[in-house]
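Structure incoming, see below.
Derivation of every value follows stated rules applied to the coordinates shown; laboratory data play no part. Nothing here was measured: the structure is a model prediction, and the numbers come from that model. All Cβ positions, even for glycine, are placed from backbone atoms using ideal geometry, and neighbour counts span all protein chains on display.
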Amino acid sequence: MVKNTLLQVWPIPAFDDNYLWCIHDGQSALIVDPGDAAPVLQYLEQHQLTLTGILITHHHADHTGGILTLLNTLGSNIPVYGPAAIDIPGRTHALMEGDKLEVAAPRISLEVYEVPGHTLSHIAYFANMQANVVEPMLFCGDTLFASGCGRLFEGTPTQMSQSLAKFIALPKNTLVYCTHEYTLSNIRFALAVEPNNANLITWAETAKALRDQHLPTLPTTIGQELQVNPFMRCDQQAVIDAALEVSGEKSLPTPAHVLAVIRAWKDRF
């Protein structure tokens, strides 16, 4: 069997709307945020893949709940990477901003970003273009969603704004592997913020067609989110105007102020 030199990334559905992303080369696999072990074990067996590592973005149970079962079933020597700022059962490698992860199989280099907001200790993994990575890839957990962002359970609007700014600076062709299929509900809110956004209107039709066929709306791209995601567009006049209107404020001087308004609006939408 000839080993595939190009990495593949596939979603493993779990719970109601989670995606547990599998990064593999046809033989070895990394799993991102395995909240449930059962679908992962089934997928690995079905595709004859060997689990060689686990990537964790944050501590919520729907992202970590399957770790110990996977280790008990497949081998306790499998490395588990996760944020250093919080204890996660099974984690073997604690990661912080700027850490670089060199995985031998499947071969991939990942850079770690600290992206507080959804949780205080949330991290993301970025793979720039490499010999076996055709386009940059971002595994962002619950920080960024297609047309939305994570609820602020622990962090502040300023932290989330700063975290999203790190993503905004990435190459526009970066593939974004979010961990929930929230796209249609996010689009409904985004249209309330920007009802005249032509790119968003087109995306709404495309996303609905995908979901009607039970297909994922992910991955998205950074470039796409800059066109349709209000939380990535807090410097755009249409989003600022919508935030001013809903808040009654006379001015919102920074993108973080705008994000605070529209995130609170989304929470009650």
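In nm, to one decimal, how far is the modelled label at Asp16 from the one at Thr156, with both set 7 Å along Cα→Cβ?
Inter-label distance under the simple model: 3.2 nm.
Report the relative contact order of the chain, percent, no decimals, based on alpha-carbon pairs under 8 angstrom and at least 6 residues apart. If you can, show how the numbers build up before the last one.
Numbers: 554 pairs, mean separation 34.7, N = 269.
Reported relative contact order: 13 percent.
Evaluate the distance, in nm, between pseudo-label points positioned 7 Å from the Cα of Asp212 and of Lys250 along their respective Cα→Cβ axes.
It is 4.9 nm.
Using alpha carbon coordinates only, what is the Rg to Rh ratio of region 205-269, with Rh defined as the Kirkwood radius? Mind showing how you got there, number by number?
On the way: Rg = 14.3 Å, Rh = 13.2 Å.
Result: Rg/Rh = 1.08.
Give me the distance between the Cα centres of region 1-70 and region 185-215, rounded to whole Å.
Cα centres, region 1-70 to region 185-215: 28 Å.
What dipole magnitude, in Debye to the nearest 20, does region 50-117 give about its Cα centre under +1 on Lys/Arg Cβ and -1 on Asp/Glu Cβ? Before the final figure, lay out each step's value.
Working: 3 positive and 7 negative charges, 51 e Å.
Roughly 240 debye, rounded to the nearest 20.
Here is a further query. Pulled fully out, how much extra length does the chain show between Asn77 and Gln42, if you take 0.36 nm times their separation in residues and subtract their Cα-Cα distance?
On the way: separation 35, 0.36 × 35 = 12.60 nm, distance 2.01 nm.
That works out to 10.6 nm of additional length.
Want the number for Ala165 to Thr202: 0.36 nm per residue separation, take away the alpha-carbon distance, what's left? Working shown, then result.
Numbers: separation 37, 0.36 × 37 = 13.32 nm, distance 2.49 nm.
10.8 nm is the gain from fully extending Ala165 to Thr202.
Considering only Cα-Cα distances, which of the following residue pairs are longer than 26 Å: Lys172/Lys208; Lys166/Lys208; Lys100/Lys266; Lys172/Lys250?
Checking Cα-Cα distances, Lys166/Lys208; Lys100/Lys266; Lys172/Lys250 exceed 26 Å.
Compute the distance in nm between two label points, each set 7 Å from the Cα along the Cα-to-Cβ direction, one at Glu97 and one at Gln8.
3.8 nm
Sticking with this one: Multiply the residue gap between Asn132 and Ala105 by 0.36 nm, knock off their C-alpha separation, and tell me the result in nm, one decimal place.
On the way: separation 27, 0.36 × 27 = 9.72 nm, distance 1.17 nm.
Value of the extension gain: 8.5 nm.
Further question: To the nearest 20 Debye, how big is the dipole of the chain about its Cα centre, given +1 on the beta carbon of each Lys and Arg and -1 on that of each Asp and Glu? Spell out each step's value before the answer.
Details: 15 positive and 26 negative charges, 46 e Å.
The calculated dipole for the chain is roughly 220 debye.
Between Ala192 and Leu68, what is the FRET efficiency for a Förster distance of 30 Å, r being their Cβ-Cβ separation, to the nearest 0.05?
Details: r = 41 Å, r/R0 = 1.38.
Here the calculated transfer efficiency is 0.15.
What residue among Gly155, His122, Ala169 has its Cα farthest toward the positive end of the dipole of the chain, where the charges are +1 on Lys, Arg and -1 on Asp, Glu, each on the Cβ?
Looking along the dipole axis, the top candidate is Ala169.
What is the projected area of the convex hull of the Cα atoms of the chain, averaged over all directions, in nm²? List each step's numbers first, then the result.
Numbers: hull surface 55.7 nm².
Result: 13.9 nm².
Given a Förster distance of 45 Å, report the FRET efficiency between Asp87 and Ser185 from their Cβ-Cβ distance, rounded to the nearest 0.05. Spell out each step's value before the answer.
Numbers: r = 32 Å, r/R0 = 0.71.
Once the sixth-power term is evaluated, E becomes 0.90.
Something else about it: For a quick check of your reading of the filter: which GluC sites (Glu not before Pro) in region 140-220 sit in a DSSP loop and have no more than 16 other Cβ atoms within 10 Å? Before the final figure, lay out each step's value.
Working: sites: Glu154, Glu181, Glu205; in loops: Glu154, Glu181.
When the GluC sites (Glu not before Pro) of region 140-220 are filtered for loop state and at most 16 Cβ neighbours within 10 Å, Glu154 remain.
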